[in-house]
Amino acid sequence: MNDPNWNEVTGLVLILLGVLFDLFGCVGLVRLPDVYNRIQAATKCVVVGTTLILLGSMVWLASPQAVLKGLLCILFTLLTSSTAAHALARAAHLSGVELWKHSVVDRYAEDRRAAEREEGTA
């Protein structure tokens with residue numbers, strides 16, 4: 001009986017989990033009510049899904065080159081996805097895209113009003 005190669009098994013499990021997270025992100029893009037919730041869901045799922053897929057690839061391939069490239073890609077994903085999500089949400093807010101009717105609070109609008117009041121008194 002052949003013993004499984006645990007690098008392949010572990011790598012495959014991580015890759016499948018990453019694909020599932022990405023799938024949940026796609027469902028969130030369709031099901032969530034407003035642009036802000038969609039940005040949040042897409043960003044979280046892309047970061048977690050991509051990280052798991054890259055970790056799975058690094059474990060499966062088990063070479064120094066694959067690990068280095070995977071870590072660089074993970075770092076790039078972590079840095080750029082949060083920045084892009086922030087830019088998209090800020091642009092949507094500044095262009096007047098409404099929050100979902102059941103949203104409880106809009107901290108960005110509160111901060112902008114407070115900053116405008118401070119500028120007016122300075």
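Observations on the structure shown:
- Residue list for segment 60-118, filter: basic (Lys, Arg) and surrounded by 12 or more Cβ atoms within 10 Å (Cβ to Cβ): Lys69, Arg112
- Whenever a residue of segment 11-23 is closer than 9 Å to Gly56 by Cα, its partners that are in a helix (DSSP H, G or I) and of a type in the set (Phe, Trp, Tyr), lying with C-beta atoms within less than 9 angstrom and at least six residues away or across chains, give the pairs Gly11/Trp60; Leu12/Trp60; Leu14/Trp60; Ile15/Trp60.
- From the list Ala92, Ala42, the one residue that fits, being in a helix (DSSP H, G or I), at pLDDT below 90, of a type outside the set (Phe, Trp, Tyr) and under 30 Å from Arg113 (Cα atoms), is Ala42.
- Residue list for segment 34-71, restricted to those being touching a Leu at 6+ places or on another chain (Cβ under 6 Å) and among the basic types (Lys, Arg): Arg38
- All conditions but one from (1) assigned to a helix (DSSP H, G or I); (2) surrounded by fewer than 16 Cβ atoms within 10 Å (Cβ to Cβ) apply to Gly56; the one that does not is (2).
- Here Glu116 fits the description: farther than 22 Å from Thr43 by Cα and over 21 Å from the mean Cα position of the chain (by Cα).
The values are calculated or read from the model by the stated rules, or taken from the named source; none is laboratory data. Computed from a prediction, not measured in an experiment: that's the story for all the values here. All Cβ positions, even for glycine, are placed from backbone atoms using ideal geometry, and neighbour counts span all protein chains on display.
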